[in-house]
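Visitor: First, the structure itself, so that you have it in front of you.
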Amino acid sequence: MLNRAGTSPSSVTDTNSSAQAIHAICVRPDDSVRDVLRTIDGAAAAGAPTGLALVVDAERKLLGLITDGDVRAALVSGRSLDVVAEDIMTRQPVTVRPGLTPGDTLREMTEQVRRSAHIRNSNRVQHLVVTDDAGVVVDVLDTFDLLQRMDVTNWSVGVIGLGFVGLTLAVSLSEVGYLVHGIDVNAQIAERIADGEPHFHEVGLVPLLKHHLKGERFHVHTELPAGVDVYIVAVGTPIGPDGRPILRSVQAAARSIGAQLKRGDLVLLRSTVPVGTTRNEVLPILEAESGLKGGRDFQLAFAPERTVEGDALNELRTLPQIVGGLTPHCKEVATQFFSKLAPNIVGVDSLESAEMAKLINNSFRDLSFAFANEFAMICDLWDIDAVRVIRAANTGYPRNRIPLPSPGVGGFCLTKDPIIFAWAGRDKGYEPKLPVDGRAVNEAIVDRVGEKVTRHFKRLGEKTEGKKVFVVGFAFKGRPETSDIRHSTTLDLLPALKDAGFDLYGYDPVVSADDVATTGVTPQELEAGFQDADAVIVMNNHPSYAKWDLPHLLGLTRTPALFFDGWHMFERADVERITGITYEGLSGAR
């Protein structure tokens, strides 16, 4: 059963939800006090703010305000019920602009009260009228509700998409005091999360999730609940056949948000998207669905996800958060929201700047890995150990740290963000080279792994058909550990091994045996996998491998056997001291 919470405490406009309700408390200046009383008495039935009437002209421009207290005072002073509204109204009520944060609204109220000649003995008033630049009434705010909203624990947050990004963010926001609603359209995933069982491995996630489910700071839904104040879009954006991200989930999320968006709400996009998506795709949908204006009636910002799988809960609390807004005020509101979570907020000039910041981080990383991998391929042609050279070049040299080569670069982000970054150039008529070429290098080195394995058997004059190959490491990375096999380079390697006729067995210390089996590989535990293996291929760098009793494990293989160390976690000399074992890496002596 999904854990479904009630709505949050009133937001800036929860009590003033529609123009029709506001119209119900509007009176003309020549209406009688008797008419004003009827209007005030009927406010509750119309769903409008109670205890006051707004005096407006034919264009709904605000002329004054009358409270039930003003009516009582007029009657006590001997005035008739036939007196007209303009004779008893407050002609300069406190008004505020649309779209302010609760704090900014209360500060503006306090300043107006301080300057006022007709409000005494109080630093605040009960009601604030929201008017646009033309003086037309837009809304009415209750200052008690605003004070409630100043407390972070009263902010209701909806996180749409409970994958690696959304779920870790949701529980982290619960941890700092927000009331969080997690939404995932996949009912099976939502049920698992509501039971405290996340559908992926992340260090520290399970106890936090269970704690906040039990404490009712986190609730799980399959559709948006009512009463949300802050919407965060964290849905996936996979790459389509043309290399462009598929934005259907982002668009669907925007439509669902727009259908219930209210004045004062904040919408944050966190999904990785092409530059310009927030402004050109999300904003028009939100405005069309809600009838509200972005930057005036609601706030819109882009705040990229920057965490690494396996250490997300820590990095959400320690990494600076980049924020770009539709307007400067949108950026301020988003900054206020994230200041409860992140140690530092880095504001950028626009939505597009924030979108680009996400892309450049991952594109640069992918390109730096491509440099190391291409270096390894060149070293291999010269029978040079690339890892030893890189370590020598890095030693005591402060100006650059060259990464070590790897059997490809996988994962959901690094494989797609350089492609999205390239589209940022193409959309403006420039064909980028580096991100595209870097991606090609990182994809090509996986093929080199398959070639090296098959070449081993050719040198021995043996066929590859029927040989047992034990593949270790199915998650796209081993450190920090994760169970995510999306875009794993191991999956890219498997087709070549299958085409060569190998009998494939597999193991991963985190990925379940069932998930290994979905790749068409027979899962085996560690010792069983080494037993009678003709080749062992290490494809990720999980720290547990360093604890292996390698002489014992390799002693179980069918010699002569190949040990391919894709992450250079073992010394060639140590491995080749074991009788009948050939060591191979991405480069070096063959």
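The values are calculated or read from the model by the stated rules, or taken from the named source; none is laboratory data. Just so you know, these numbers come straight off a predicted model, no measurement behind them. Backbone-built Cβ (ideal geometry, glycine too); neighbour counts: all protein chains shown. Just the protein is used for accessible areas: all its heavy atoms, side chains included, with ligands, DNA and RNA removed. Shrake-Rupley method; radii C 1.70, N 1.55, O 1.52, S 1.80 Å.
Visitor: State all residues of the range 167-184 that are more than 20 Å from G310 (Cβ to Cβ), of a type outside the set (A, V, I, L, M) and crowded, with 24+ Cβ neighbours inside 10 Å; if no residue qualifies, say none.
Guide: Matches in the range 167-184: S174, Y178, H181, G182, D184.
Visitor: Looking at (1) open to solvent by 70 Å² or more (accessible area, probe 1.4 Å); (2) part of a helix (DSSP H, G or I), which is the one condition that is false for D82?
Guide: D82 satisfies all of (1) open to solvent by 70 Å² or more (accessible area, probe 1.4 Å); (2) part of a helix (DSSP H, G or I) except (2).
Visitor: What's the total number of residues in the range 507-524 that are open to solvent by 30 Å² or more (accessible area, probe 1.4 Å), in a helix (DSSP H, G or I) and not small (G, A, S)? Step through it out loud before you land on a result.
Guide: To start, the set of residues in the range 507-524 that are open to solvent by 30 Å² or more (accessible area, probe 1.4 Å) comprises 507, 509-510, 512-515, 517-518, 520, 522-524.
Next cut, in a helix (DSSP H, G or I) only: 513-515, 517.
From what's left, not small (G, A, S): 514-515.
Count: 2.
Visitor: To continue, here is another question. Of everything in the range 292-341, what is small (G, A, S), at pLDDT below 95 and within 26 Å of G276 (Cβ to Cβ)? Give them in sequence order.
Guide: The answer is G295, A334.
Visitor: Before we move on, is I537 of a type in the set (V, I, T) and in a strand (DSSP E or B)?
Guide: In short, yes.
Visitor: Turning to a different aspect of this structure: Going through the range 26-47 one residue at a time, which ones are out of contact with any Leu (no Cβ under 6 Å at 6 or more places or on another chain) and either in a strand (DSSP E or B) or open to solvent by less than 10 Å² (accessible area, probe 1.4 Å) (or both)?
Guide: V27, S32, V36, A43
Visitor: So, one more: Under 6 Å between Cβ atoms, which residue pairs at least 6 apart in sequence (or on different chains) link something in the range 33-62 that is among the small types (G, A, S) with a partner that is assigned to a loop (DSSP other than H, G, I, E, B)?
Guide: Filtered contacts from the range 33-62: A43/I25; A43/T50; A44/T50; A46/A24; A48/A24; A48/I25; A53/I25.
Visitor: Also: Would you please name the residue that is most open to solvent (accessible area, probe 1.4 Å), looking only at residues in the range 472-506 that are part of a loop (DSSP other than H, G, I, E, B), of a type in the set (A, V, I, L, M) and in contact (Cβ under 8 Å) with a residue 40 or more places away in the chain?
Guide: Among residues in the range 472-506 that are part of a loop (DSSP other than H, G, I, E, B), of a type in the set (A, V, I, L, M) and in contact (Cβ under 8 Å) with a residue 40 or more places away in the chain, the one most open to solvent (accessible area, probe 1.4 Å) is A500.
Visitor: Report yes if L359 is over 28 Å from P435 (Cβ atoms), at pLDDT 95 or above and in contact with a helix residue (DSSP H, G or I) (Cβ under 8 Å, 6 or more places away or on another chain), otherwise no.
Guide: When the stated conditions are applied, L359 does not pass them.
Visitor: Any residue that is touching a Leu at 6+ places or on another chain (Cβ under 6 Å) and either closer than 16 Å to L141 by Cα or basic (K, R) (or both) - is there at least one of those in the range 67-75?
Guide: Among the residues of the range 67-75, at least one is touching a Leu at 6+ places or on another chain (Cβ under 6 Å) and either closer than 16 Å to L141 by Cα or basic (K, R) (or both), which makes the answer yes.
Visitor: Here are some residues: R263, R244. Which one is within 23 Å of G163 (Cα to Cα), open to solvent by 10 Å² or more (accessible area, probe 1.4 Å) and either of a type in the set (A, V, I, L, M) or modelled with pLDDT under 95 (or both)?
Guide: On the way: R263 fails: within 23 Å of G163 (Cα to Cα).
So the residue among R263, R244 that is within 23 Å of G163 (Cα to Cα), open to solvent by 10 Å² or more (accessible area, probe 1.4 Å) and either of a type in the set (A, V, I, L, M) or modelled with pLDDT under 95 (or both) is R244.
Visitor: Can you tell me which residue within the range 172-190, out of those that are assigned to a helix (DSSP H, G or I) and touching a strand residue (DSSP E or B) at 6+ places or on another chain (Cβ under 8 Å), is farthest from L209 (Cα to Cα)?
Guide: In this case the residue turns out to be A190.
Visitor: Are any of the residues in the range 302-319 over 17 Å from the mean Cα position of the chain (by Cα) and in contact (Cβ under 8 Å) with a residue 24 or more places away in the chain?
Guide: no
Visitor: L208 is checked against (1) open to solvent by less than 60 Å² (accessible area, probe 1.4 Å); (2) assigned to a loop (DSSP other than H, G, I, E, B) and fails just one. What number does that condition carry?
Guide: Among (1) open to solvent by less than 60 Å² (accessible area, probe 1.4 Å); (2) assigned to a loop (DSSP other than H, G, I, E, B), the lone unmet condition for L208 is (2).
Visitor: Further question on the same structure: Please work out which residue is nearest to E332 (Cα to Cα), limiting yourself to the range 298-316 and to residues that are of a type in the set (A, V, I, L, M, F, W, C) and open to solvent by 10 Å² or more (accessible area, probe 1.4 Å). Outline the logic, then answer.
Guide: So the first thing to find is which residues in the range 298-316 are of a type in the set (A, V, I, L, M, F, W, C), and the list is 298, 300-303, 308, 312-313, 316.
From what's left, open to solvent by 10 Å² or more (accessible area, probe 1.4 Å): 308, 313, 316.
Working: V308: 26, L313: 24, L316: 19 Å.
Ranking the candidates gives L316 first.
Conditions tested, residue by residue: (1) out of contact with any helix residue (DSSP H, G or I) (no Cβ under 9 Å at 6 or more places or on another chain); (2) in a helix (DSSP H, G or I); (3) among the small types (G, A, S).
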position: I232; (1), (2), (3): no, no, no
position: Q260; (1), (2), (3): no, no, no
position: E281; (1), (2), (3): no, yes, no
position: A288; (1), (2), (3): no, yes, yes
position: A301; (1), (2), (3): no, no, yes
position: G310; (1), (2), (3): yes, no, yes
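Visitor: When both residues are 6+ apart or on different chains and their Cβ atoms are under 7 Å apart, which pairs have a first residue that lies in the range 409-436 and is more than 23 Å from F476 (Cβ to Cβ), and a second that is open to solvent by less than 70 Å² (accessible area, probe 1.4 Å) and of a type in the set (G, A, S)?
Guide: Final answer for the pair search is E431/G425; P432/A422; P432/G425.
Visitor: Here's a follow-up. Could you please give the count of residues in the range 211-227 that are open to solvent by less than 60 Å² (accessible area, probe 1.4 Å) and either more than 17 Å from the chain's Cα centre (by Cα) or among the aromatic types (F, W, Y) (or both)?
Guide: Counting residues in the range 211-227 that are open to solvent by less than 60 Å² (accessible area, probe 1.4 Å) and either more than 17 Å from the chain's Cα centre (by Cα) or among the aromatic types (F, W, Y) (or both) gives 9.
Visitor: Return only the number of the condition from (1) open to solvent by 20 Å² or more (accessible area, probe 1.4 Å); (2) assigned to a loop (DSSP other than H, G, I, E, B) that G99 does not satisfy.
Guide: Evaluating G99 over (1) open to solvent by 20 Å² or more (accessible area, probe 1.4 Å); (2) assigned to a loop (DSSP other than H, G, I, E, B) leaves (1) as the failure.
Visitor: Which of the numbered conditions does F457 fail, given that it passes all the others? Conditions: (1) of a type in the set (F, W, Y); (2) closer than 20 Å to L494 by Cβ; (3) open to solvent by 70 Å² or more (accessible area, probe 1.4 Å).
Guide: In the conditions (1) of a type in the set (F, W, Y); (2) closer than 20 Å to L494 by Cβ; (3) open to solvent by 70 Å² or more (accessible area, probe 1.4 Å), F457 misses (3) alone.
Visitor: To continue, here is another question. Which condition number does Y397 fail, the rest of (1) under 27 Å from F570 (Cβ atoms); (2) crowded, with 19+ Cβ neighbours inside 10 Å; (3) aromatic (F, W, Y) being met?
Guide: (2)
Visitor: Hey, D14 hits all of (1) at pLDDT below 90; (2) touching a helix residue (DSSP H, G or I) at 6+ places or on another chain (Cβ under 9 Å); (3) open to solvent by 70 Å² or more (accessible area, probe 1.4 Å) but one; which does it fall short on?
Guide: Condition not satisfied by D14: (3).
Visitor: Quick one: M150 ticks every box in (1) at pLDDT below 95; (2) touching a Leu at 6+ places or on another chain (Cβ under 8 Å); (3) closer than 20 Å to E216 by Cα bar one, so which box is it?
Guide: Answer for M150: the failing condition is (3).
Visitor: Counting only residues that are open to solvent by 50 Å² or more (accessible area, probe 1.4 Å), out of contact with any Gly (no Cβ under 6 Å at 6 or more places or on another chain) and in contact (Cβ under 8 Å) with a residue 24 or more places away in the chain, how many does the range 550-575 have?
Guide: The qualifying residues number 5.
Visitor: Follow-up. Could you please give the count of residues in the range 150-166 that are part of a helix (DSSP H, G or I) and within 17 Å of P225 (Cβ to Cβ)?
Guide: 2
Visitor: Name the pairs: first residue in the range 341-354 and under 26 Å from V171 (Cβ atoms) and part of a helix (DSSP H, G or I), second residue open to solvent by less than 50 Å² (accessible area, probe 1.4 Å) and of a type in the set (F, W, Y), Cβ to Cβ under 6 Å, at least 6 apart or on different chains?
Guide: A354/F302
Visitor: Turning to a different aspect of this structure: Tell me, yes or no, whether the range 317-327 has at least one residue that is surrounded by fewer than 17 Cβ atoms within 10 Å (Cβ to Cβ) and in contact with a strand residue (DSSP E or B) (Cβ under 9 Å, 6 or more places away or on another chain).
Guide: Scanning the range 317-327 turns up at least one residue that is surrounded by fewer than 17 Cβ atoms within 10 Å (Cβ to Cβ) and in contact with a strand residue (DSSP E or B) (Cβ under 9 Å, 6 or more places away or on another chain).
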